[in-house]
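Structure record follows, encoded as structure tokens.
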Amino acid sequence: MPPAISTKNCSLNILCIFSCFRCPVQLNNVALQPARKEGEKDVMFTHQSKWSCLTSLDYPYNPTITATIQDQTVTQVLQMDMEYQRVNITAKCIQLESEGHNILQDGTFLEKTTYTIADTTGVVELTVWGPQHNMNIDSWFYMTNLSRVFQGKKFLSTTKDITFSTIACTDTTHPIEVTTSEHITANIIGAKVNITYICPLKHQIKDMALSCSRVLCNNCDIFYKSDVIILHTHAKLTIQTTDNIKTLNIENKVIRSVVQISKTATTDTIMDSLLDLPRMQITIHNNSITHLAYPEPSHPETTPLITFSPLAQSTSLSTSGDSEELDLFMADGPTDIQPKSDTPSA
Ligand SMILES: [Zn+2]
């Protein structure tokens, strides 16, 4: 049942169903914008909006509408039409799809990892923001406060309220639709390297002076020893096979699995190292290089420079879609109808 909407001042009388209390409230000076679902509107509570408590609603509230976050199967998640709805799910982690990062509006660096997960009913992709919660491949998890996202396809994304717990599950059946990786041997003929410097509290350092012994993080308002600043790199590599040339993304961990990167490395020195690599064994997944390895040594005494990273990684460079997911990750409350930018702290 629709809430009362006055189009003059654009205010809403609604029942506030945040987690711990139920109170009729009036939202004033909100904006309405077309929702992703055709014919519907999203309510935008902006920095100019206000809310106040009411003693009663001017329409009968339907108590069957609930904000309780429900346990759902993967198929239920894929069948429902309500975007940004939070769900709990029990699923098995099938495959690491990609690993990358993004920078929040406040400059905080955030890891982004994408997995394929499945239960006995279906398969869906899960984006994990921040630490990976020990998401081991082939383990079963009970995860709460995931959010459903539609961006060309339906997938799940973690929110800041996410909880992960490993569970024992004896049912090993699931409809696996694991995407396959491409394994090739190719020469690296081009590179464009980016470096991000990060403070110990995961803020991006904008002006990193390599020659200074200390560096200011504007977010922390603290000078850190240059030693503790983290260098995170990602790149685009152009590779040439016998019949093809393509440009792919590659992320920090995969680069570091074959190239030594010192604290004072620059984009130039990293690019030189990448372009100096011999013809390499390359694993490609979703337009990203997830594994990079030296060719099998032809002489027993020839050893690789560095041991290889066991986990495949890849990058996802910033996109506008990412920023919407990030807003979602940062959102408060059980439902995530909120501005895509300029998020109010109220
Ligand atoms: Zn900082």
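The values are calculated or read from the model by the stated rules, or taken from the named source; none is laboratory data. Everything numeric in this text was worked out from a predicted model, so none of it was measured. Neighbour counts are summed over all protein chains in view; Cβ atoms, including those assigned to glycine, are modelled from backbone coordinates with ideal geometry. All accessible areas refer to the heavy atoms of the entire protein, side chains included, with ligands and DNA or RNA removed. Shrake-Rupley method; radii C 1.70, N 1.55, O 1.52, S 1.80 Å.
Take Val259 and decide whether it is more than 14 Å from the ligand (Cβ to nearest atom) and either more than 27 Å from the chain's Cα centre (by Cα) or open to solvent by less than 40 Å² (accessible area, probe 1.4 Å) (or both).
Yes; evaluated as a whole, the condition is true for this residue.
Is at least one residue of the stretch 266-280 part of a strand (DSSP E or B) and open to solvent by less than 40 Å² (accessible area, probe 1.4 Å)?
Yes; the residues of the stretch 266-280 include at least one that is part of a strand (DSSP E or B) and open to solvent by less than 40 Å² (accessible area, probe 1.4 Å).
Scan the stretch 122-150 for residues that are part of a strand (DSSP E or B), without any contact (Cβ under 8 Å) to a residue 60 or more places away in the chain and more than 12 Å from the chain's Cα centre (by Cα) and jot them down.
Listed by number, the residues that qualify are Val123, Val124, Trp140, Phe141, Tyr142, Met143.
Condition (residue is within 16 Å of the ligand (Cβ to nearest atom), more than 18 Å from Lys112 (Cα to Cα) and open to solvent by 50 Å² or more (accessible area, probe 1.4 Å)) applied to the stretch 226-246: is it met by at least one residue?
Yes: one or more hits.
Step by step: first the residues of the stretch 65-84, then only those that are open to solvent by 40 Å² or more (accessible area, probe 1.4 Å) and in a strand (DSSP E or B), then the one that is farthest from Ile137 (Cα to Cα). Which residue is that?
Looking at residues that are open to solvent by 40 Å² or more (accessible area, probe 1.4 Å) and in a strand (DSSP E or B), I get Gln70.
Being within 8 Å of the ligand (Cβ to nearest atom), surrounded by 12 or more Cβ atoms within 10 Å (Cβ to Cβ) and either in contact (Cβ under 8 Å) with a residue 60 or more places away in the chain or of a type in the set (S, T, N, Q) (or both): is that true of Asn187 here?
Against the criterion (within 8 Å of the ligand (Cβ to nearest atom), surrounded by 12 or more Cβ atoms within 10 Å (Cβ to Cβ) and either in contact (Cβ under 8 Å) with a residue 60 or more places away in the chain or of a type in the set (S, T, N, Q) (or both)), Asn187 does not qualify.
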